[in-house]
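A.B. asks: The structure that follows is given in the form of C-alpha cells.
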Amino acid sequence: MKSPERGEVWLVDLGLAAKVRPALILSIPPGEKERSLVTLVPHTTSLRGSSYEVPVRAPFLRPGAFDSQGIVTVPIIRLVRPLGTVSPEQLKAVEMSLCIWLGLKAGQ
C-alpha cells in the first residue's frame with residue numbers, strides 16, 4: 001500500500017459506528033521504527049454548525065466539512081484508498097481549527 005501523505009484525503013474504515021468515510025491525513029508518514037499509525041480528521045456531511053467544522057470544496061468530496069473535534073489515530077491498515085489532496089490553504093484551515101480546539105498556539 002502507498003504510504004499516506006500529509007494533506008491527502010483517504011477513504012478510511014473508522015469502525016462499525018463511525019463507518020467508512022473520507023478523512024484528511026494530518027500526520028507525516030511513519031518511519032521504519034515507528035508504529036504504523038496515521039492521525040486524521042474525518043469528513044462529515046452531517047453538519048451541526050460547530051465552529052470546528054471546516055468546509056472544504058474538492059471534486060472528490062461531497063458537500064460537508066472536516067470536523068476537528070473528531071481527530072483520531074488509526075492503524076494504516078484501516079486506510080482503504082486515496083481520494084485526492086487538499087490545497088495548502090485548505091490544509092492550513094483545518095490545522096488552525098485543530099489548534100483552536102486543542103488550545104495550541106498555531107505555528108509553534
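A.B. asks: Among the residues of region 64-81, which ones are within 19 Å of Met96 (Cα to Cα), of a type in the set (Val, Ile, Thr) and in contact with a Leu (Cβ under 6 Å, 6 or more places away or on another chain)? Break it down into steps so the answer makes sense when it comes.
C.D. replies: Initial filter on region 64-81 (within 19 Å of Met96 (Cα to Cα)): 64-73.
Right, trim to of a type in the set (Val, Ile, Thr) and you get 71-73.
Result: Thr73, single match.
A.B. asks: Can you tell me which of Leu16, Leu61 is at pLDDT 95 or above and either assigned to a loop (DSSP other than H, G, I, E, B) or within 19 Å of Ile100 (Cα to Cα) (or both)?
C.D. replies: That would be Leu61, the only listed residue that is at pLDDT 95 or above and either assigned to a loop (DSSP other than H, G, I, E, B) or within 19 Å of Ile100 (Cα to Cα) (or both).
A.B. asks: Considering only residues of region 64-87 that are over 23 Å from Leu37 (Cβ atoms) and in contact with a strand residue (DSSP E or B) (Cβ under 8 Å, 6 or more places away or on another chain), which is surrounded by the fewest Cβ atoms within 10 Å (Cβ to Cβ)? Spell out how you get there, then give the answer.
C.D. replies: If we filter region 64-87 for residues that are over 23 Å from Leu37 (Cβ atoms), which is where we start, we get 64-65, 87.
Checking the rest, the ones that are also in contact with a strand residue (DSSP E or B) (Cβ under 8 Å, 6 or more places away or on another chain) come to 64-65.
Details: Gly64: 19, Ala65: 23.
Looking at residues that are over 23 Å from Leu37 (Cβ atoms) and in contact with a strand residue (DSSP E or B) (Cβ under 8 Å, 6 or more places away or on another chain), I get Gly64.
A.B. asks: While we're on this one: Would you pick out the residues in region 58-67 that are within 17 Å of Pro88 (Cα to Cα) and touching a residue at least 24 places away in the same chain (Cβ under 8 Å)? First the steps, then the outcome.
C.D. replies: The first filter runs over region 58-67 and keeps only residues within 17 Å of Pro88 (Cα to Cα), leaving 58-61, 65-66.
The answer is Ala58, Pro59, Phe60, Leu61, Phe66.
A.B. asks: A further question follows. Taking the condition at pLDDT 95 or above, over 20 Å from Ile100 (Cα atoms), within 12 Å of the chain's Cα centre (by Cα) and among the polar types (S, T, N, Q), does Thr85 pass?
C.D. replies: Details: at pLDDT 95 or above: yes; over 20 Å from Ile100 (Cα atoms): yes; within 12 Å of the chain's Cα centre (by Cα): yes; among the polar types (S, T, N, Q): yes.
Against the criterion (at pLDDT 95 or above, over 20 Å from Ile100 (Cα atoms), within 12 Å of the chain's Cα centre (by Cα) and among the polar types (S, T, N, Q)), Thr85 qualifies.
A.B. asks: From the residues in region 88-105 that are part of a loop (DSSP other than H, G, I, E, B) and exposed (fewer than 11 other Cβ atoms within 10 Å of the Cβ), which one is modelled with the highest pLDDT?
C.D. replies: Just the residues of region 88-105 that are part of a loop (DSSP other than H, G, I, E, B), to begin with: 103-105.
So of that shortlist, the ones also exposed (fewer than 11 other Cβ atoms within 10 Å of the Cβ) come out as 103, 105.
On the way: Gly103: 92, Lys105: 83.
Filtering first and then ranking leaves Gly103.
A.B. asks: Continuing with the same structure: Output the residues belonging to region 1-19 that are over 13 Å from the mean Cα position of the chain (by Cα) and of a type in the set (A, V, I, L, M, F, W, C). It would help to see each step written out before you state the result.
C.D. replies: Filtering region 1-19 down to residues over 13 Å from the mean Cα position of the chain (by Cα) leaves 1-3, 15-19.
Answer for region 1-19, where residues must be over 13 Å from the mean Cα position of the chain (by Cα) and of a type in the set (A, V, I, L, M, F, W, C): Met1, Leu16, Ala17, Ala18.
The values are calculated or read from the model by the stated rules, or taken from the named source; none is laboratory data. Everything quoted here is computed from the prediction, not taken from an experiment. Neighbour counts run over all protein chains shown; Cβ positions are idealised from the backbone, glycine included.
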